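Since the structure comes first, as structure tokens, the remarks are kept for the end.
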Amino acid sequence: MELVVARIGRAHGIKGEVTVEVRTDEPELRLSPGAVLRTDPASAGPLTIETGRVHSGRLMLRFAGVKDRTGAEALRNILLIADVDPTELPAEEDEYYDHQLMDLDVVLEDGTEIGRITEISHLPSQDLFIVERPDGTEVMIPFVEEIVAEIDLEEQRCVITPPPGLIDDRAEVVSTRDAEPEGEA
């Protein structure tokens, strides 16, 4: 099975290094020197990681055969793809691979059907489930423990406890604009 583990960013310096946007919880396993990764588009790869280091909080990689800034810039925005055994599970109990979450039924705690996970968007601050509702519309559900109460892979479902307004129009708007100032009656 294929997992997107990173996206190549801009060139760093003049010796062929690039920044990467990490898309795996296990970069030390997937993005270590010697790893051979396929690419999207496929014509850019495969790429073999020659060196890796962290600089100012960002992962920097150098690939075999890429020796200058021009070669590094040519790799910008390419996705790096690792082959993973489909039975392999993440190290932590509450972690999941995207393929495990795709197509899960999303329901409320009372069993009310919300839809099905069709996409997972990895943002800098959190991940989002893109859920297709039965009527064909989409709703975005933040993958945070305050909202996602349970992931049940055996039952193929995701139980959520959304705040008002996340999946419907029950949002409560609170305004103090019309309230009387204190001390006046």
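The values are calculated or read from the model by the stated rules, or taken from the named source; none is laboratory data. Because the structure is a prediction, the values reported are computed rather than measured. As a convention, Cβ positions derive from the backbone with ideal geometry for all residues, glycine included, and neighbour counts pool all protein chains shown. All accessible areas refer to the heavy atoms of the entire protein, side chains included, with ligands and DNA or RNA removed. Shrake-Rupley method; radii C 1.70, N 1.55, O 1.52, S 1.80 Å.
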* Compare the Cα positions of HIS99, ALA74, HIS122 along the charge dipole of the chain (+1 at Cβ of Lys, Arg; -1 at Cβ of Asp, Glu; about the Cα centre) and return the one farthest towards the positive end. => ALA74
* Grab the Cα-Cα distance for LEU29 and GLU145, subtract it from 0.36 nm times how many residues apart they are, and report the gain in nm with one decimal. => 39.2 nm
* Expressed as a whole percentage, what fraction of the accessible surface of the chain belongs to carbon and sulfur atoms when a 1.4 Å probe is rolled over the protein heavy atoms? -> 47 percent
* Environment charge at GLY16 (Cβ cut-off 14 Å; Lys +1, Arg +1, Asp -1, Glu -1) -> +3
* Structure fact -> segment 5-60 and segment 113-174 have their Cα centres apart by a whole-number Å value of 31 Å
* To do: List the residues whose amide H sits under 5 Å from the amide H of ALA149, counting only those 5 or more places along or on another chain, with H placed 1.01 Å from N in the peptide plane.
  => VAL159, ILE160, THR161
* To do: Can you figure out the FRET efficiency of SER121 with LYS67, using R₀ = 30 Å and their beta-carbon distance, to the nearest 0.05?
  => 0.30
* Structure fact -> Rounded to the nearest 0.05, FRET efficiency between ARG38 and ASP94 (Cβ-Cβ, R0 41 Å) equals 0.90
* Structure fact -> Measuring from its Cα centre, segment 10-86 shows a charge dipole (+1 at each Lys and Arg Cβ, -1 at each Asp and Glu Cβ) which, in debye to the nearest 20, is 400 debye
* Asked: Computed from these coordinates, which is Rg and Dmax of the Cα atoms in Å: (1) 18.4, 54; (2) 21.8, 78; (3) 20.8, 78?
  -> (2)
* Asked: Amide H of GLU17: which non-local residues (sequence gap of 5 or more, or other chain) have their own amide H closer than 5 Å, using H built in the peptide plane?
  -> HIS12
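With +1 assigned to the C-beta of every Lys and Arg and -1 to the C-beta of every Asp and Glu, and no other charges, what is the dipole magnitude of the chain about the Cα centre in debye, to the nearest 20?
Working: 17 positive and 41 negative charges, 424 e Å.
Rounded to the nearest 20 debye, it is 2040 debye.
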* Structure fact -> So for R0 = 35 Å, FRET eff. of ASP110-GLU21 from the Cβ-Cβ r, to 0.05, ends up at 0.35
* Structure fact -> Percent relative contact order for the chain, counting Cα pairs under 8 Å at least six residues apart, stands at 16 percent
* Structure fact -> Rounded to whole Å², per residue accessible area for segment 1-75 with a 1.4 Å probe reads 54 Å²
